[in-house]
Amino acid sequence: MLNITELITFKAVVEKKGFSTAAEFLGYSQSNVTKHIKKIEETVGFALFDRGWKATLTKEGELFYKEVDNLIDHWKSVSNVSEEIGTEQIGEIRIGIIEPLAKELLPQIMKWLQTNKPKMNAVFEMGNTKRLTDLIQSNELDCAFCGENKDMPAELEFEKIVEDEIILIALKGHELSSNNSTELKDILNYPLIYGDKTCLSYQIFTQSLQKSNLLHELKTHYICSNQLLIPEILLQTQIAIVPRSIMDENTNEVVVLPFTSKDFQVEFGMVKKKKEYNYLKETIQSITELVRS
C-alpha cells in the first residue's frame, strides 16, 4: 500500500529532475529516495522511470504523474478526516434534556459546540426522565441531562450535577398565598395541575400523598405533559406542582406557596450508558463539566 511520503518523493523526483536533487530538496539520503520509488513501482506493478539518472518518466510514469496531485490531495483529505475523527470533531451527538433544564442548558451547550466542535451535528431531544433514560438504553441518545430515576437500569449511570426542588405555585391573590405555611392536605381542596405520570414532580407528589395517607383525598386534577407551560396556563383557583427550575423570573403573576418538605427535593444530572468505549466520551465529559460550572 502506498503512503503519502512515497508519493511526495515521486513528485519531487519528477519536478526536481533527478534522484539526487530530489533527495537534497527533501532532506533524504539518495538511497531513501530510491527505496520510495521502488516501493511505488512494486505496488503499482510498472516502472515509473527509464533506467539511468536522468529521471525520465516512462509512459506509465507520465500517466501516474498526472494523477499524483489528486492522490496526494486525497491522502491529505483522508488524513484530515482521520484526525478529526480521532479528536471527536465530526459526527453527530444526540443529547436529551429534561424540560426544567432546557431553557438554561440548551443555549450553553449549543454555544460550546459551535465554538469547540463546529463540524459536529447535534440532535436535542426534549422529554421527561423516564423517556430520556429509555432512549439512552435503546441507543437512540448518547447522554441526557435529567432527573435521577430510582428505577434506572443497571447498564446506565447517573452523575449528579445540581439539586432542585418541587414547589407549589398559584396565581397572586389565591386563598393560600397569604398563609404563613401550607400543608399537603390544604392544597387538596383546590384543583391541581402537574406533569404526567412519568414526570418526577408527579411521582414525588403522589409518593408524598401516599406516605401521608392522603392519596385517597386527591380530587380534581389536570395533567400537562409539558411542564414549561404550566405557569402560563395556571387558572385563579388552581395550584400547580412543578420544579422550581422552570420558573421564569418574569412570571410576576405567579407566587410560590410557603411549603417545605425534604421529600420534595430532587437531583438533576447526566445519564449515560456504562461502557468502556464511546466515540463521544471526551465531548460528553466536556459538556458535563460545562453544565456543572
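The values are calculated or read from the model by the stated rules, or taken from the named source; none is laboratory data. No experiment lies behind these values; they were computed from the predicted model shown. Cβ: placed from backbone, ideal geometry, glycine included. Neighbour counts: every protein chain shown. Each accessible area value is taken on the protein alone, full model and side chains, heavy atoms only, with ligands, DNA and RNA left out. Shrake-Rupley method; radii C 1.70, N 1.55, O 1.52, S 1.80 Å.
Which far-off residues, 5 or more places away or on another chain, put their amide H under 5 Å from the one on Ile161, with H placed in the peptide plane?
Here Phe268, Gly269, Met270 satisfy the definition.
Please state the relative contact order of region 85-212 as a whole percent: Cα pairs under 8 Å, 6+ residues apart?
Value for region 85-212: 25 percent.
Going by accessible area, probe 1.4 Å, with all protein chains left in place, what is the ranking of Asp164, Asp50, largest first?
Sorted descending by solvent-accessible area, the residues read Asp50, Asp164.
Sorted by average packing, counted as other Cβ atoms within 10 angstrom per residue and highest first, what order do 5-13, 232-240, 254-262 take?
5-13, 232-240, 254-262
For the chain, with all protein chains present and a 1.4 Å probe, just round the carbon and sulfur fraction of the accessible area to a whole percent.
49
Using a 1.4 Å probe on the protein heavy atoms only, what accessible surface does Tyr190 show? Give it in Å² to the nearest 10.
That residue has around 40 Å² of solvent-accessible surface.
Under 5 Å between amide hydrogens, which residues at least 5 positions from Lys16 or on another chain qualify, with H placed 1.01 Å from N in the peptide plane?
Counting only residues 5 or more places away or on other chains, the set is empty.
When only C-alpha pairs under 8 Å and at least 6 residues apart count, what is the relative contact order of the chain, in percent?
Reported as a whole number, the value is 20 percent.
Excluding Gly86 itself, what net charge comes from residues whose Cβ is under 13 Å from its Cβ, given Lys and Arg +1 and Asp and Glu -1?
Net charge in that neighbourhood comes out at -3.
How many Å² of accessible area per residue for the chain, probe 1.4 Å? Can you show the working numbers first?
Working: 16600 Å² over 293 residues.
It amounts to 57 Å² per residue over the chain.
Calculate the radius of gyration of the Cα atoms of region 109-180 to one decimal place, then report Dmax, the largest Cα-Cα distance, as a whole number, both in Å.
Cα only, region 109-180: 18.1, 55 Å (Rg, Dmax).
Which entries in Lys103/Lys211; Lys211/Lys272; Lys11/Lys76; Lys160/Lys185 show an alpha-carbon gap greater than 24 Å?
Lys103/Lys211; Lys211/Lys272; Lys160/Lys185
Quick one: how many Å² of His216 are accessible to a 1.4 Å probe, rounded to 10?
We get 130 Å² for His216.
GNM, the chain, Cα, under 10 Å: largest mean-square fluctuation among Thr115, Thr56, Thr220?
Thr56
Which of the trypsin sites (Lys or Arg not before Pro) found in region 181-253 are loop residues per DSSP with 12 or fewer other Cβ atoms within 10 Å of their Cβ?
Hits after loop and neighbour filter: Lys197, Lys219.
Percent relative contact order of region 182-293, based on C-alpha pairs within less than 8 angstrom and at least six residues apart?
The normalised contact order for region 182-293 reaches 30 percent.
At a probe size of 1.4 Å, how large is the accessible area of Glu157, to the nearest 10 Å²?
Roll a 1.4 Å probe over it and Glu157 shows about 70 Å².
Quick one: Karplus J couplings for region 9-16, per residue in order, coefficients 6.51, -1.76, 1.60, θ = phi - 60°, nearest Hz, x for Gly and Pro?
So the Karplus estimates, Gly and Pro as x, are 4, 4, 4, 5, 4, 5, 7, 9 Hz.
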